[in-house]
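Student: Below you will find the structure I want to go over with you.
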Amino acid sequence: MKLTDNVHLVGGGPFSGFGLTSAPDSHVYLVDGGSEIALIDCGLGLSDSFTELEANIAAAGFDPRDISTVFVTHHHADHAGGVHLAGERLGARIAISADSAHVIEAADEKASGLAAARDAGVFPSEAKLTPTLVDDRLADGDELDVGDTRIRFIATPGHCAGHGAYLLTGVGHDALFAGDAVFWAGRILLQAVPDCDLQASHESISRLAALDFEAFFPGHGAVTVRGGDMHPRMAQAEIDKLGIPKGIL
Ligand SMILES: [Zn+2]
């Protein structure tokens, strides 16, 4: 599903996405940098759903094996579970914050939220993590080129430790891939997990609300192709009133 001149939506489950893949996957975006393509997040990594993801990438006119890098917003399994398949099947590099790399490399099902979500019946019983080497450990402000575009990592902890957003610049409208830091209409997602931090979430929203961009591409729910910087600013408006932005669920 083409969203802008250089961003396609190629994955996302039926509950919090657009049903492009069948598992409880986060949105998966493809960035087309011309000579190079990359993904933002890669879903839960169930084999059937990953095959659907590959088919969607092909239907959009790209060879999945040409994906150079998967930029992961955070270590939760619905975003990062597929990294081992992205590495094995596609030969892609894996980029994630230095603070989250250990969760990916150790396949830590507790820290990734997978064990709890599986026990709660949110994720299917066959959902598992496989240890995967991280190629690029990102720190705040790091920038990587994807063809003619540039992706900047913005540390945005709060939803979980090590969370990061990605700002796409260079060609066409600037776009923010917000992960689960903030959603449509300034909604947020706080969960009863040890590394969720309300104050850090507020500070991260303030960082995102200070950015100017057109397209707003969060990890779940509605996407916006123009005027998207209103969404973190709506969350900031609640914080400015000493309130807590409303939850997405
Ligand atoms: Zn998520």
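The values are calculated or read from the model by the stated rules, or taken from the named source; none is laboratory data. Keep in mind that this is a model prediction, so the values were computed, not measured. Cβ coordinates were reconstructed from backbone atoms using ideal geometry, including for glycine residues, and neighbour counts include every protein chain displayed. For the accessible areas, the whole protein counts, side chains as well, though only heavy atoms, and no ligand, DNA or RNA atoms are used. Shrake-Rupley method; radii C 1.70, N 1.55, O 1.52, S 1.80 Å.
Student: Scan the range 175-206 for residues that are crowded, with 17+ Cβ neighbours inside 10 Å and not hydrophobic (A, V, I, L, M, F, W, C) and jot them down.
Tutor: Answer for the range 175-206, where residues must be crowded, with 17+ Cβ neighbours inside 10 Å and not hydrophobic (A, V, I, L, M, F, W, C): Gly179, Asp180, Gly186, Arg187, Asp195, Asp197, Ser201, His202, Ser204.
Student: Another one. When you scan the range 143-153, do you find a residue that is in contact (Cβ under 8 Å) with a residue 60 or more places away in the chain, more than 28 Å from Asp48 (Cβ to Cβ) and among the acidic types (Asp, Glu), even just one?
Tutor: The answer is yes; a qualifying residue exists.
Student: Another one. Hey, among Pro232, Pro218, which residue is crowded, with 19+ Cβ neighbours inside 10 Å and within 15 Å of the ligand (Cβ to nearest atom)?
Tutor: Values: Pro232 fails: within 15 Å of the ligand (Cβ to nearest atom).
So the residue among Pro232, Pro218 that is crowded, with 19+ Cβ neighbours inside 10 Å and within 15 Å of the ligand (Cβ to nearest atom) is Pro218.
Student: Considering only residues that are of a type in the set (A, V, I, L, M, F, W, C) and away from the ligand (no atom under 16 Å from the Cβ), look in the range 177-204 and name the one that is farthest from Leu39 (Cα to Cα).
Tutor: Step one: list which residues in the range 177-204 are of a type in the set (A, V, I, L, M, F, W, C), which gives 177-178, 181-185, 188-190, 192-193, 196, 198, 200.
Checking the rest, the ones that are also away from the ligand (no atom under 16 Å from the Cβ) come to 185, 198, 200.
Values: Ala185: 25, Leu198: 28, Ala200: 26 Å.
Checking each candidate, the answer is Leu198.
Student: Would you say Val72 is modelled with pLDDT of 95 or more, open to solvent by less than 60 Å² (accessible area, probe 1.4 Å) and within 17 Å of Asp25 (Cβ to Cβ)? Steps first, answer last, please.
Tutor: Numbers: modelled with pLDDT of 95 or more: yes; open to solvent by less than 60 Å² (accessible area, probe 1.4 Å): yes; within 17 Å of Asp25 (Cβ to Cβ): yes.
It is true that Val72 is modelled with pLDDT of 95 or more, open to solvent by less than 60 Å² (accessible area, probe 1.4 Å) and within 17 Å of Asp25 (Cβ to Cβ).
Student: So which residues in the range 203-249 are out of contact with any helix residue (DSSP H, G or I) (no Cβ under 6 Å at 6 or more places or on another chain) and among the β-branched types (Val, Ile, Thr)?
Tutor: Val223, Thr224, Val225, Ile244, Ile248
Student: Let me ask something else. What pairs can you find where one residue is in the range 221-249 and within 15 Å of His159 (Cβ to Cβ) and touching a residue at least 24 places away in the same chain (Cβ under 8 Å), the other is open to solvent by less than 30 Å² (accessible area, probe 1.4 Å) and charged (D, E, K, R), and their Cβ atoms are less than 9 Å apart, with a gap of 6+ or different chains?
Tutor: Ile248/Asp180
Student: In the range 125-167, which residue that is closer than 24 Å to Arg89 by Cβ and within 16 Å of the ligand (Cβ to nearest atom) is modelled with the highest pLDDT?
Tutor: Tyr166
Student: Taking the range 50-77 as the region of interest, how many residues are closer than 24 Å to Ala181 by Cβ and polar (S, T, N, Q)? Don't jump to the end; show me each part of the working.
Tutor: Taking the range 50-77 first, the residues closer than 24 Å to Ala181 by Cβ are 53, 67, 69-77.
The next check asks that each one be polar (S, T, N, Q); those that pass are 69, 73.
Selection size over the range 50-77: 2.
Student: Look at Glu36 and say whether it is more than 16 Å from the chain's Cα centre (by Cα) and touching a residue at least 60 places away in the same chain (Cβ under 8 Å).
Tutor: The answer is yes for Glu36.
Student: Taking Asp99 and the conditions (1) in a helix (DSSP H, G or I); (2) of a type in the set (D, E, K, R); (3) under 24 Å from Leu167 (Cα atoms), which numbered condition does it fall short on, given that it satisfies the others?
Tutor: Of (1) in a helix (DSSP H, G or I); (2) of a type in the set (D, E, K, R); (3) under 24 Å from Leu167 (Cα atoms), only one is false for Asp99: (1).
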